[in-house]
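Working notes for the structure below.
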Amino acid sequence: MTQEHNQHNHSADPLHAKKEAWSGRFSEPVAEFVLRYTQSVSFDKRMAMADIAGSLAHARMLATCGVISEKDFSDIERGMNQIADEIRTGKFLWQLELEDVHLNIEARLTQLIGDAGKRLHTGRSRNDQVATDVRLYLRTEIDEIIGLLCHLQEVLVAQAAKEADTIMPGFTHMQVAQPVTFGHHMLAYVEMFERDRERMSDLRRRVNRSPLGAAALAGTTYPIDREQSARLLGFEAVAQNSLDAVSDRDFAIEFTSAASLVMIHISRLSEELVYWMSQSFSFIKLPDRFTTGSSIMPQKKNPDVPETARGKCSRVVGDLVTMAMLMKGLPLAYNKDLQEDKEPVFDAIDTVKDTLRAFVEMMAGVEPNRERMRQAAASGYPTATDLADYLARRGVPFRTAHDIVGRVVRLASERACDIADLSLQELREFSDVITEDVYDVLTLEGSIAARNHIGGTAPEQVRRQVARWEAIFAERARQ
Ligand code: ARG
């Protein structure tokens with residue numbers, strides 16, 4: 001028994017139906033343990049508003065089709081408004097005994113309005129009802145997630161605009177490879193989150209289809225209008241096969257999959273923030289409110305938020321695996337297994353939203369240490385490729401140029417100096433096509449500025465991308 005339950009006592013009313021046998025067909029009530037084991041109200045009550053919206057659309061349609069009276073509909077509407085109010089104000093009495101959100105709300109409706117409440121379930125089953133609720137609920141959450149992704153993109157683009165000229169080492173194999181800009185690096189994540197946004201809005205179309213009217217599995221004998229209830233709920237289409245309509249959860253697999261990719265991207269960024277923050281790198285500072293100390297080592301400032309996010313990625317991927325395993329081998333049509341779809345979907349929603357909220361704020365506060373980044377970019381011969389390109393432009397075949405520069409790097413590293421520290425005369429001993437202007441390509445600035453094409457790291461290109469994104473954001477704001 002729930003705590004709220006003890007505060008009220010409505011014995012012998014519809015709210016307590018389940019303390020007796022399920023119906024005339026049963027000779028004893030459900031065992032206490034079975035009730036706890038099979039209930040879902042503890043977690044599906046969060047879909048209450050979607051459940052009410054779905055019921056109202058169904059009732060409206062039934063009245064239009066003459067299956068219930070207009071009086072029944074207005075009673076149902078009045079009752080549902082009161083219930084919505086009770087739920088919002090925390091006064092609604094949720095009962096485990098009533099199994100799920102659907103039966104809880106329906107029982108309260110009947111308690112409030114009598115027979116009209118009992119007519120609501122005409123031409124419907126909890127099977128199409130729950131499928132409708134999950135879709136409605138998820139649709140709203142997807143819109144919020146898309147909003148957060150856009151917000152995070154805006155924050156990253158603002159960083160890119162500020163740091164278009166900030167030189168840092170670009171890595172392959174975690175070895176210094178070629179210089180890039182911090183702005184360019186930020187824009188790489190903007191692209192990832194753009195694909196996430198696209199995936200979310202694409203799969204939303206498949207979430208946004210109405211199963212309502214499929215009833216238990218085969219449809220219903222009442223003269224219903226599925227297009228009408230779908231329209232009332234803002235669904236884009238009606239699911240065309242009743243068996244599929246009640247048992248399809250592809251959209252939940254798609255959603256947890258897209259959510260996993262969001263978290264995988266966040267996790268990659270987290271990993272970078274963690275090592276950028278380490279003493280050996282010291283590339284960035286995170287605002288103190290996103291870090292924590294150690295209980296034993298007073299000097300510590302730990303990147304807890306990125307590390308937590310990196311860890312939480314695994315639970316969302318776990319949600320995807322749960323959904324995929326749930327559906328594998330599930331025969332048509334509805335099976336109670338499907339009740340297990342909710343917790344993974346809800347967990348993925350909560351985790352992604354919390355994580356994105358944290359990252360929107362945290363990424364806005366990232367402070368790059370420009371000197372340290374530049375210093376790190378300068379060591380490790382990051383302009384070696386530029387020298388090879390220089391030789392190739394002067395007619396040396398690229399493979400030969402590659403080999404020559406390899407020997408130049410060897411000399412410089414024996415002397416523990418930079419390539420640019422070698423004299424023109426020394427450089428010319430490797431190839432006589434080298435002239436004074438070689439020093440232009442050997443600088444970090446020369447190196448990044450030369451990669452001046454779509455997608456390149458040149459500050460000019462970074463600024464162009466920033467302008468492109470800002471135009472996209474302005475367009476989004478207009479919609
Ligand atoms: N709580 C159930 C679920 O989440 C609702 C549907 C129950 N249908 C049934 N035939 N038992 O799936």
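The values are calculated or read from the model by the stated rules, or taken from the named source; none is laboratory data. Just so you know, these numbers come straight off a predicted model, no measurement behind them. Because the Cβ atoms are built from the backbone with ideal geometry, glycine has one as well, and the counts that use them run over all protein chains shown.
Key figures
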read-out	value
Positions within region 315-370 being within 13 Å of the ligand (Cβ to nearest atom) and either under 30 Å from Ser280 (Cβ atoms) or modelled with pLDDT under 95 (or both), in sequence order	none
Total residues in region 371-393, condition outside any helix (DSSP H, G or I) and surrounded by 14 or more Cβ atoms within 10 Å (Cβ to Cβ)	4
Qualifying position, being over 30 Å from Ala384 (Cβ atoms), within 23 Å of the chain's Cα centre (by Cα) and free of Cβ contacts under 8 Å to residues at least 40 places away in the same chain, among Glu191, Glu236	Glu236
Which numbered condition Ala59 fails, given (1) among the hydrophobic types (A, V, I, L, M, F, W, C); (2) buried (at least 18 other Cβ atoms within 10 Å of the Cβ); (3) under 30 Å from the mean Cα position of the chain (by Cα)	(3)
Looking only at region 284-297, and only at residues there that are touching an Asp or Glu at 6+ places or on another chain (Cβ under 9 Å) and under 29 Å from Arg374 (Cβ atoms), the one that is modelled with the lowest pLDDT	Thr291
Matching residues in region 120-153 - criterion: being of a type in the set (Asp, Glu) and within 16 Å of the ligand (Cβ to nearest atom)	Asp128, Asp133
Near pairs, Cβ below 6 angstrom, 6+ apart or cross-chain, from region 205-220 (away from the ligand (no atom under 13 Å from the Cβ)) to any residue that is in a strand (DSSP E or B)	Arg209/Ala237; Ser210/Val238
Long-range neighbours under 8 Å by Cβ, at least six apart or interchain, first residue farther than 23 Å from Gly79 by Cβ and among the aromatic types (Phe, Trp, Tyr) within region 30-51, second assigned to a helix (DSSP H, G or I) and near the ligand (Cβ under 9 Å from one of its atoms)	Phe43/Lys342
Wholly enclosed helices (runs of 4 or more DSSP H) of region 175-284 bearing at least 3 residues among the hydrophobic types (A, V, I, L, M, F, W, C)	182-207, 242-247, 250-277
Residue list for region 22-42, restricted to those being surrounded by 10 or more Cβ atoms within 10 Å (Cβ to Cβ) and either of a type in the set (Ser, Thr, Tyr) or under 17 Å from Leu93 (Cβ atoms) (or both)	Leu35, Thr38, Gln39, Ser40, Val41, Ser42
Listing of helices (runs of 4 or more DSSP H) fully contained in region 415-479 that carry 2 or more residues being buried (at least 16 other Cβ atoms within 10 Å of the Cβ) and within 28 Å of the chain's Cα centre (by Cα)	459-478
